Amino acid sequence: GLNFIDLMVRQGNIDNPPKTPLVPGFECSGIVETLGDSVKGFEIGDRVMAFVNYNAWAEVVCTPVEFVYKIPDDMSFSEAAAFPMNFVTAYMMLFEVANLREGMSVLVHSAGGGVGQAVAQLCSTIPNVTVFGTASSFKHEAIKNSVTHLFDRNADYVQEVKRISTDGVDIVLDCLCGENTGKGLSLLKPLGTYILYGSSNMVTGETKSFFSFAKSWWQVEKVNPIKLYEENKVIAGFSLLNLLFKQNRGGLIKGVMDKLLNLYNNKKIKPVVDSLWALEEVKEAMQRIHDRGNIGKLILDVEKAPTPLMANDSTETSEAGEEEEDHEGDNENKERMPFIQ
């Protein structure tokens, strides 16, 4: 699975980034090839999905058994690689942190992404939950049925939400950070919960920009505990990777996975796969996430051959959004057309 956190790792926008060289990736699916001496509950040949503390983007992966789960018979390998990070993150935030119940309302950013689609599906398992979502306008047609109210990511969504719900919302799920922190807190109803689970606004261009990082950090609302007390609001953070690999909550996550797989088997939820990419195409796959072009999850498939470069691709969009002419003989920057699932 390819996640936005992988872009942050690449740029070093995380605490204590690992030293290079390293193999990125935190989730995968595949077939068990060998077992440790004390491993029980699995056999060679089992179809499994797993969390991995780095090294998931590889042909062979080794991870402790507590992070491994069997794949349901009717779930494909690409769906399985799209399942753990997105659905566990969405479930934990909605039900373990925010205590989602019937009749509540939720605002989720990047509603067309992997976590956003998982949030929308899980909200649909609870009666009368209203989901407000922000997404790029070109995604609206594809995802309009998954959320109750959909807004353009560049629009003034605060006023749009308040126009529909004058009191605001019960839960805000923020993967953007920056100025959206203050906006999210302003939209919370009394006893509402704001959860920060990412900071994609910190990732800008090809390389880490201290100026962009500082600008996004400066825009973050400075939280006053007395104000939280007076307004009866809850502010929280959630990091699945820290919960798994630093805080040793693998047992808790296994219980959540059991509940999620039960929902999958009952056809209540289903991972949305945007596209499959060869390992050699990781640059283009990362660019698709960076540009917010995906609807659902991008998957790196070790068995997929690279897609031929498009022969008619003559222009390329620069980081500033301006078209640059493609230099003759320069195949490095030509766009690949991925296999859309």
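The values are calculated or read from the model by the stated rules, or taken from the named source; none is laboratory data. Everything quoted here is computed from the prediction, not taken from an experiment. All Cβ positions, even for glycine, are placed from backbone atoms using ideal geometry, and neighbour counts span all protein chains on display. The area values use the complete protein model at the heavy-atom level, side chains included, leaving out ligands, DNA and RNA. Shrake-Rupley method; radii C 1.70, N 1.55, O 1.52, S 1.80 Å.
General remarks:
- Residue pairs whose Cβ atoms lie under 7 Å apart, separated by 6 or more positions or on different chains, with the first residue in region 169-189 and more than 20 Å from Ile289 (Cα to Cα) and part of a loop (DSSP other than H, G, I, E, B) and the second at pLDDT below 90 and open to solvent by 10 Å² or more (accessible area, probe 1.4 Å), are Glu179/Gln219.
One line per residue, one yes/no per condition, for (1) β-branched (Val, Ile, Thr); (2) touching a Pro at 6+ places or on another chain (Cβ under 9 Å); (3) over 18 Å from Met257 (Cα atoms):
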residue: Thr20; (1), (2), (3): yes, no, yes
residue: Val23; (1), (2), (3): yes, no, yes
residue: Gly30; (1), (2), (3): no, no, no
residue: Glu33; (1), (2), (3): no, no, yes
residue: Asp37; (1), (2), (3): no, no, yes
residue: Phe42; (1), (2), (3): no, no, no
residue: Gly45; (1), (2), (3): no, no, yes
residue: Met49; (1), (2), (3): no, yes, no
residue: Glu59; (1), (2), (3): no, no, yes
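- Restricting attention to region 2-26, the residues being within 14 Å of Leu241 (Cα to Cα) and among the small types (Gly, Ala, Ser) number 1.
- Residues of region 12-34 satisfying the condition of being touching a residue at least 60 places away in the same chain (Cβ under 8 Å) and surrounded by fewer than 18 Cβ atoms within 10 Å (Cβ to Cβ): Gly12
- Restricting Glu221, Glu280, Glu206, Glu230 to residues that are touching a Pro at 6+ places or on another chain (Cβ under 7 Å) and modelled with pLDDT under 95 narrows the list to Glu280.
- Of all residues in region 91-110, those that are part of a helix (DSSP H, G or I) and not hydroxyl-bearing (Ser, Thr, Tyr) total 6.
- Residue in region 111-134 that is touching a strand residue (DSSP E or B) at 6+ places or on another chain (Cβ under 6 Å), under 27 Å from Leu7 (Cα atoms) and assigned to a loop (DSSP other than H, G, I, E, B) present: yes
- With respect to the conditions (1) open to solvent by 20 Å² or more (accessible area, probe 1.4 Å); (2) touching a helix residue (DSSP H, G or I) at 6+ places or on another chain (Cβ under 9 Å); (3) at pLDDT 95 or above, Glu59 lacks only one, and its number is (3).
- Count - residues of region 134-188 that are farther than 25 Å from Lys270 by Cα, of a type in the set (A, V, I, L, M) and either modelled with pLDDT of 90 or more or surrounded by 22 or more Cβ atoms within 10 Å (Cβ to Cβ) (or both): 7
- The requirement of being β-branched (Val, Ile, Thr), buried (at least 21 other Cβ atoms within 10 Å of the Cβ) and at pLDDT below 95 is fulfilled nowhere in region 118-133; no residue meets it.
- Residue, farthest from Val302 (Cα to Cα), within region 32-64, restricted to residues that are of a type in the set (Val, Ile, Thr) and over 24 Å from the mean Cα position of the chain (by Cα): Val39
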